[in-house]
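Peer 1: Structure provided below as structure tokens; questions to follow.
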Amino acid sequence: MTALRTMWQTSLPKTGDNVISSVVANRYVYAAGQGRVFKLTIDGGTIENTNTLPDRGDHAVNLVLSDDEKTLYAGTDGYAIAIETLTMETKWQTSLPNTGDNEVNLLLTDKLLFCGSSGHVYQLDHNGNTLGHNHLPDRGNHEVQMCINKSETVLYVGTDGYEIAISI
């Protein structure tokens, strides 16, 4: 059996011992947790920049990255947030009503950003405009996981012990 060798590790300030979400792009690793997003060098883990997601509190942060690697999308505290990867500046943030300050799971396609939280699914364009919403009737206020079919015509949602198919 081959050993998995640690190449480097970096303590992320003010994230405590909480879960960290990560995505890789080109020469960087973007890591997020407790209301903060960090840009680290891929070769040594040096923190180059941080976005503290002002006004979003110390919550779990989920990340997805655009195919062109220019925009990082973060889901946290009942919001979807777009961050410019070069500068780490917030481009926009969109409130997801009725999700409270709960964790937001994200699914990104070429044209759409799906956000699932607290028994709700939101469909946004890449500029943060809300295009659609499904409150998943009778499914309660639970975490929402999502996947999409290859032709991007059906969104599959898992929550509250159910799998739900939603036409896009």
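Peer 1: Please list, ordered by first then second residue, the pairs with beta carbon atoms under 8 Å, 6 or more apart or interchain, first in segment 145-168 and farther than 20 Å from GLY75 by Cα, second assigned to a loop (DSSP other than H, G, I, E, B) and hydroxyl-bearing (Ser, Thr, Tyr).
Peer 2: Partner pairs satisfying both residue conditions: GLU152/THR109; SER167/THR153; ILE168/THR153.
Peer 1: Then there is this: Please enumerate the residues belonging to segment 66-81 that are in contact (Cβ under 8 Å) with a residue 40 or more places away in the chain and surrounded by fewer than 20 Cβ atoms within 10 Å (Cβ to Cβ). I'd like the intermediate steps shown before the answer.
Peer 2: Within segment 66-81, the subset in contact (Cβ under 8 Å) with a residue 40 or more places away in the chain is 66-67, 69, 71-78, 80.
Residues satisfying the conditions are SER66, ASP67, GLU69, THR71.
Peer 1: Looking at segment 134-147 only, could you name the residues that are within 13 Å of the chain's Cα centre (by Cα) and either surrounded by fewer than 15 Cβ atoms within 10 Å (Cβ to Cβ) or among the charged types (D, E, K, R) (or both)?
Peer 2: Hit for segment 134-147 is GLN145, nothing else.
Peer 1: So which residues in segment 112-133 are surrounded by fewer than 17 Cβ atoms within 10 Å (Cβ to Cβ) and either assigned to a strand (DSSP E or B) or at pLDDT below 95 (or both), if there are any at all? Full working, then the answer.
Peer 2: The initial filter retains those residues of segment 112-133 that are surrounded by fewer than 17 Cβ atoms within 10 Å (Cβ to Cβ), namely 125, 127, 129-133.
Those that are surrounded by fewer than 17 Cβ atoms within 10 Å (Cβ to Cβ) and either assigned to a strand (DSSP E or B) or at pLDDT below 95 (or both): ASP125, THR130, LEU131, GLY132, HIS133.
Peer 1: Going by the conditions given, is ILE47 closer than 15 Å to THR87 by Cα, over 19 Å from the mean Cα position of the chain (by Cα) and surrounded by 12 or more Cβ atoms within 10 Å (Cβ to Cβ)? Let's see the steps before the verdict.
Peer 2: Details: closer than 15 Å to THR87 by Cα: yes; over 19 Å from the mean Cα position of the chain (by Cα): yes; surrounded by 12 or more Cβ atoms within 10 Å (Cβ to Cβ): yes.
So ILE47 fits the description; yes.
Peer 1: Looking at (1) more than 26 Å from ASN129 (Cβ to Cβ); (2) of a type in the set (Val, Ile, Thr); (3) touching a Gly at 6+ places or on another chain (Cβ under 7 Å), can you tell me which one THR76 breaks?
Peer 2: Against the list (1) more than 26 Å from ASN129 (Cβ to Cβ); (2) of a type in the set (Val, Ile, Thr); (3) touching a Gly at 6+ places or on another chain (Cβ under 7 Å), THR76 comes up short only on (1).
Peer 1: Same structure again: Looking only at segment 19-59, count every residue that is over 20 Å from TYR79 (Cβ atoms), assigned to a loop (DSSP other than H, G, I, E, B) and either among the hydrophobic types (A, V, I, L, M, F, W, C) or in contact (Cβ under 8 Å) with a residue 60 or more places away in the chain (or both) and tell me the total.
Peer 2: The number of residues fulfilling the criteria is 1.
The values are calculated or read from the model by the stated rules, or taken from the named source; none is laboratory data. None of the values given here were measured: they were computed from a predicted structure. Because the Cβ atoms are built from the backbone with ideal geometry, glycine has one as well, and the counts that use them run over all protein chains shown.
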